[in-house]
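*Asks:* Structure incoming, see below.
Nothing in this text is a laboratory measurement; each read-out follows from the coordinates by a stated rule. Computed from a predicted structure; not experimentally measured. Note: ideal-geometry Cβ built from the backbone for every residue, glycine included; neighbour counts use all protein chains shown.
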Amino acid sequence: MKKMASIVFRVAAGPKIGFGHLARTMVLAEALRNHGTAVHFCIPGAGDGVLSLLDENRFMASVSTDVLPKKWLSETRADAVVYDLVHTDWQAEQDRLFAEMTDVCKAAVPIVFFDGYGQKNYRRQIGAPLVDFIVAPYVGETGPCPTHALSVLTGPRYFPLARNYQDVGRRGTQSMVLRILVTCGGADPYMASPKILEALLSMPESDIEIDVVVGVLFSNENRQQIEALAARAPDRVHPVYAPHSLVVQMQNADLCVTANGLTKYELAAMGVPTIAVSLSPAHHQANLAFAESGSLKVLGILSDLDGATIADAVSKMVEDADGRRRMSHAGISLVDGQGADRVLKEAKLLPC
């Protein structure tokens, strides 16, 4: 098999979607670049925050507002296109996306498609173009699906984990909880962070420190609410602004409270016992499937939860050192860090 000289990534990222899709494709892109492959990101409607992140990591990027033209494919000399566009509302653009992908197929350019989880995924859509590989790197995937792809790679063994999460030593589970991490993605459009933080501040355990991540795409209202809450306990609450990585925060955390998203795979790999709140019914189903791995406890959908429920669940986990230890071990065994290599080789983006 010949080496691919150029690969295009078509990715969804932004205030309503967050950075999860972009983060995992950047893991693949970095690995490809280290092998001498040129990579180019094309992101529908990308704002300054997304483009700045790509620029900081020295990736070429363009903002796409229409279907990928044949001219653009020719200019990048793409040997393959990797799609990661399936999010909660992706079907609103489904017809345009399918038309674009059909043009890519007609140009004889292979497609690797990262699918979503649940009823709205690509594999369930009538009329979806046939692609070369579908990747569904999620807990709860039942196995290959014969439609819309020549080959399907499923399960968390294909989750692309960034190298910096693999190279650090894990802290191990402590008998006492001294530090809690709150992370709800790079955008947190549902403003879960201040609701969780306020609940934690109401707990009787008043000596636990809290790191709360403030993503680059947080709204001003979200940021202001977090800062107002932090001002009530400045010795305990530490806002972490737009970090490039959460490795340090995860390494220092004895427990995490998070909204749904791909971050839970990184938390599992780092062995951090985690409580999750879901943001929608569809996300809740994905979280429930993940919880079966044993590394995560799901409280429910954010809009249905009050602060007392969140605080009570966290307090119980703080007191359960044995339970946290079991969760930590379950997470570490779930995500082994080799997912990116498996995807690149089995999807034939790198020579085996």
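*Asks:* Could you tell me which numbered condition ALA242 fails, if it satisfies all but one of (1) on the phi > 0 side of the Ramachandran plot; (2) more than 18 Å from the chain's Cα centre (by Cα)?
*Replies:* Among (1) on the phi > 0 side of the Ramachandran plot; (2) more than 18 Å from the chain's Cα centre (by Cα), the lone unmet condition for ALA242 is (2).
*Asks:* May I ask you to list the residues in segment 334-352 that are in contact with a helix residue (DSSP H, G or I) (Cβ under 9 Å, 6 or more places away or on another chain) and part of a helix (DSSP H, G or I)?
*Replies:* Answer for segment 334-352, where residues must be in contact with a helix residue (DSSP H, G or I) (Cβ under 9 Å, 6 or more places away or on another chain) and part of a helix (DSSP H, G or I): LEU334, GLY339, ALA340, ASP341, ARG342, VAL343, LEU344, GLU346.
*Asks:* Taking ALA291 and the conditions (1) without any contact (Cβ under 8 Å) to a residue 24 or more places away in the chain; (2) touching a Cys at 6+ places or on another chain (Cβ under 9 Å), which numbered condition does it fall short on, given that it satisfies the others?
*Replies:* The one condition ALA291 does not meet is (2).
*Asks:* When you scan segment 82-89, do you find a residue that is more than 25 Å from ALA282 (Cβ to Cβ) and β-branched (Val, Ile, Thr), even just one?
*Replies:* Within segment 82-89, not a single residue is more than 25 Å from ALA282 (Cβ to Cβ) and β-branched (Val, Ile, Thr).
*Asks:* Among the residues in segment 172-191, are any more than 20 Å from HIS21 (Cα to Cα), outside any helix (DSSP H, G or I) and touching a Pro at 6+ places or on another chain (Cβ under 8 Å)?
*Replies:* Among the residues of segment 172-191, at least one is more than 20 Å from HIS21 (Cα to Cα), outside any helix (DSSP H, G or I) and touching a Pro at 6+ places or on another chain (Cβ under 8 Å), which makes the answer yes.
*Asks:* What's the number of the only condition in (1) of a type in the set (A, V, I, L, M); (2) in contact (Cβ under 8 Å) with a residue 40 or more places away in the chain; (3) surrounded by fewer than 24 Cβ atoms within 10 Å (Cβ to Cβ); (4) not in a helix (DSSP H, G or I) that VAL298 fails to meet?
*Replies:* Against the list (1) of a type in the set (A, V, I, L, M); (2) in contact (Cβ under 8 Å) with a residue 40 or more places away in the chain; (3) surrounded by fewer than 24 Cβ atoms within 10 Å (Cβ to Cβ); (4) not in a helix (DSSP H, G or I), VAL298 comes up short only on (2).
*Asks:* Which pairs do you get when a residue that is touching a residue at least 40 places away in the same chain (Cβ under 8 Å), found in segment 30-52, comes within reach of a residue that is β-branched (Val, Ile, Thr) and exposed (fewer than 14 other Cβ atoms within 10 Å of the Cβ), reach meaning Cβ atoms under 8 angstrom, with the pair 6+ apart or on two chains?
*Replies:* These pairs meet every condition: PRO44/VAL63; PRO44/THR65.
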